[in-house]
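K.L.:
The structure's right below; bear with me while I get my questions together.
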Amino acid sequence: GNDKGGLPAGRLQSCMSFGMSHTAKVKQRWALLREAVVNKSTDISLFGSIASVRRFKSLGLLSSSSVTVAVAGHDVLEDEQWFEYGCHKLPDFRLTVRHCAKTVSTEQLVGFNNTGNICVWPSEEVLAYYCLKIRKCFSSSVVCELGAGMTGLAGLAVAAASEAAEVIISDGNQQSVLSIELNVDANAKTFGTTSVKTRCIVWDREAEFRDYRKKFDFVLCADCLFFTDCHEDLLHTMQVILKDEGEIVIFAPRRSGTLSAFVSKAKALFQVELIEHYDDSVWEHQQQAQQNLPAIYEQDIHYPIKLNLRKLYGRTEKT
């Protein structure tokens, strides 16, 4: 039926190494991206070097097939595509998701480091899959996805498959938010009584976030740790908008030490739990990718580690 159930409730209790040449390659990719973001005159062809890593696109946890979709008031762009997503472990689950334009100008990126405008990483797939798995945990909760990119896949999955009271799907880039709005409109009939909104939320270590202060039971985030300069901004944002008893769920690859750097900073504000083997299916899929696709699968950038964050006892704000 249309049951939005899942695993037994009880919050989110769950149950590799690379050489210097790989690290150098990864640093080069992100140096090119940073240059393109900062320097508007940078040739967009530089993104080819970054996009080359996208030869590996999915762990195969969700199915997807191309579909034709008409959203009221939206003229389909020549280079956009719509896909229907499903999950074999949840046969009734369906989402219609827009994949954005194949080419992205640097002007669309300037002002906020948003690689969601360039590509969708496996972390987003895993976060969406994991949210489906623990969907009962979201019942009656207020949920926010930060840095949702162009699709907002995880936030949409929570809205469609759980009995969450409210889901806010956000990004710091207005172009991404407009794209997410199209996905929300296309899937509105699947949300039931769950209120679903899109918002432009820019991480800022100086911001008060008055509209969202202690609003969320859960904050979700996929692959948002690659720019270490943004770690303090992201941590402050999460600290302010999360309820005192709330939980943050992050999926991100190790990516040349960026995850470790984030964890080190996070420990000043949060209890941090790092889990590498959090789901048997995900683990099996990544092992198969390692064995069968060694030329294109790199665990350091493709396998998401799971982080659970909770506010430190005694460090929470008083109302």
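K.L.:
If the requirement is being over 27 Å from residue 144 (Cα atoms) and in contact with a Phe, Trp or Tyr (Cβ under 8 Å, 6 or more places away or on another chain), which of these qualifies: 295, 289, 252?
P.N.:
289
K.L.:
Looking only at region 206-255, which residues are polar (S, T, N, Q) and open to solvent by 10 Å² or more (accessible area, probe 1.4 Å)?
P.N.:
Residues satisfying the conditions are 228, 239.
K.L.:
Sticking with this structure for a sec: Pull out all pairs, ordered by first then second residue, where Cβ-Cβ is under 9 Å, the residues are six or more apart or on different chains, the first lies in region 137-152 and is part of a strand (DSSP E or B), and the second is open to solvent by 20 Å² or more (accessible area, probe 1.4 Å) and of a type in the set (Phe, Trp, Tyr).
P.N.:
Pairs found: 144/212; 146/203.
The values are calculated or read from the model by the stated rules, or taken from the named source; none is laboratory data. Note that this is a predicted model, so its numbers are computed, not measured. Glycine gets a Cβ as well: all are built from the backbone with ideal geometry, and neighbour counts include every protein chain shown. Surface areas here come from the heavy atoms of the whole protein model, side chains and all, with no ligands, DNA or RNA. Shrake-Rupley method; radii C 1.70, N 1.55, O 1.52, S 1.80 Å.
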